[in-house]
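Below is one structure; the comments refer to it alone.
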Amino acid sequence: METVSGSKIWKAHTSLVMVQVLSGGYHVISKLALDVGINQIVYCVFRDLIAFLILAPIAYIHERYG
């Protein structure tokens, strides 16, 4: 049976915790923004634009050099 090193396990657990923290933060920010009165369509457009601006360079670098 193959064993997994301790550093890989900690990396996986840290990644899972970070995903949960970021997801929770996203929901809090969404609730605050919508409670203030931002239009739902505008919020969705900004959310998608921000995601694109973050993910596009990562995808480009990964495809180009990965």
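No value in this document is a laboratory result; all are computed from the given coordinates. Only a predicted model underlies this, so the values are computations on that prediction, with no experimental measurement involved. Positions of Cβ are backbone-derived with ideal geometry, glycine not excepted, and every protein chain shown enters the neighbour counts.
Before moving on, here are some points about what is shown:
- Note on V4 and H62: with the Förster distance fixed at 25 Å, the Cβ-Cβ geometry gives a FRET efficiency of about 0.55.
- The chain: angle of helix 6-36 to the longest principal axis, Cα-based, in degrees nearest 10: 0
- Potential extension, R47-L32 segment - 0.36 nm per residue separation minus Cα distance: 4.0 nm
- By the beta-carbon count within 10 Å of each Cβ, the least crowded to most crowded order of I58, I29, fewest first, is I58, I29.
- Convex hull projection area averaged over all views, the chain, Cα basis, nm²: 6.8
- Computed from Cα atoms, the angle from the helix 40-65 axis to the main principal axis of the chain rounds to 30 degrees.
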